[in-house]
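Before any comments, here is the structure.
The values are calculated or read from the model by the stated rules, or taken from the named source; none is laboratory data. Keep in mind it's a predicted model, so treat the numbers as computed, not measured. Because the Cβ atoms are built from the backbone with ideal geometry, glycine has one as well, and the counts that use them run over all protein chains shown. Note: areas computed on protein heavy atoms with side chains; ligands, DNA, RNA excluded. Shrake-Rupley method; radii C 1.70, N 1.55, O 1.52, S 1.80 Å.
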Amino acid sequence: TPPSKSSRRPSRARGLLSAHLLLNDPHVFPSARLPGYDNELLDLAADLAVRLSGAFDGTATASSSSRINLRHGVQPDMEKIHETCLAGAGSLLLELGLISHLTGDPMYGKMAQKSVLNLWERRNGETGLLGNTIDIRTGCGWITRLVWVLEWILSMSISSK
């Protein structure tokens with residue numbers, strides 16, 4: 001099964017950020033220095049974050065739509081898809097938080113943090129568990145089982161200390 005579009009979005013940002021960090025850290029790969037490199041990969045990651053921000057617009061859960069055209073934003077045919085995977089909805093926190101940290105613009109991290117906090121507030125009252133999917137417009141439609149978004153919350157918690 002190919003990965004969902006929501007799982008590919010963070011991997012694109014992750015690749016750009018990883019390469020940027022490697023090129024800027026003389027202790028990791030001293031021979032990986034590129035003459036004339038001027039943070040272009042970070043600029044591309046920030047541009048990707050701006051394009052992804054349209055997927056967060058107009059959702060009751062502050063979570064991103066599972067489909068977005070990176071040139072034109074969420075298209076009318078994509079608006080018919082209201083359900084998104086919870087792990088995909090919460091997984092941009094680490095990447096967008098790092099983009100905020102590296103660029104000095106808190107917008108990206110705040111956008112993702114708002115999404116994760118909103119999802120956390122919607123966990124099951126009896127079990128405390130998060131669902132597998134969520135309707136981004138209503139916040140309903142949970143299939144109650146523990147999902148990998150907890151891994152992302154934990155990794156963000158660890159990395160922010």
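Contact map, the range 8-37: first residue at negative phi and in a helix (DSSP H, G or I), second residue hydrophobic (A, V, I, L, M, F, W, C) and open to solvent by 50 Å² or more (accessible area, probe 1.4 Å), Cβ cut-off under 7 Å, separation 6 or more or different chains; pairs are LEU16/LEU44; LEU17/LEU98; LEU22/VAL28; LEU22/PHE29; LEU23/LEU34; ALA32/LEU22.
In summary, GLY54 fulfils each of the numbered conditions (1) open to solvent by less than 30 Å² (accessible area, probe 1.4 Å); (2) modelled with pLDDT of 75 or more with the single exception of condition (2). Residues considered: SER91, SER65. Of these, the only one that is at pLDDT below 80, buried (at least 22 other Cβ atoms within 10 Å of the Cβ) and over 20 Å from MET156 (Cα atoms) is SER65.
Pairs are defined by a Cβ separation below 8 Å, a sequence spacing of at least 6 or placement on different chains, a first member in the range 94-121 that is within 11 Å of ALA49 (Cα to Cα), and a second member that is in a loop (DSSP other than H, G, I, E, B) and open to solvent by 20 Å² or more (accessible area, probe 1.4 Å); the pairs so defined are GLY97/SER160; ILE99/ASP105; SER100/PRO106.
May I ask you to verify whether LEU42 is at pLDDT 90 or above and open to solvent by less than 70 Å² (accessible area, probe 1.4 Å)? In short, yes.
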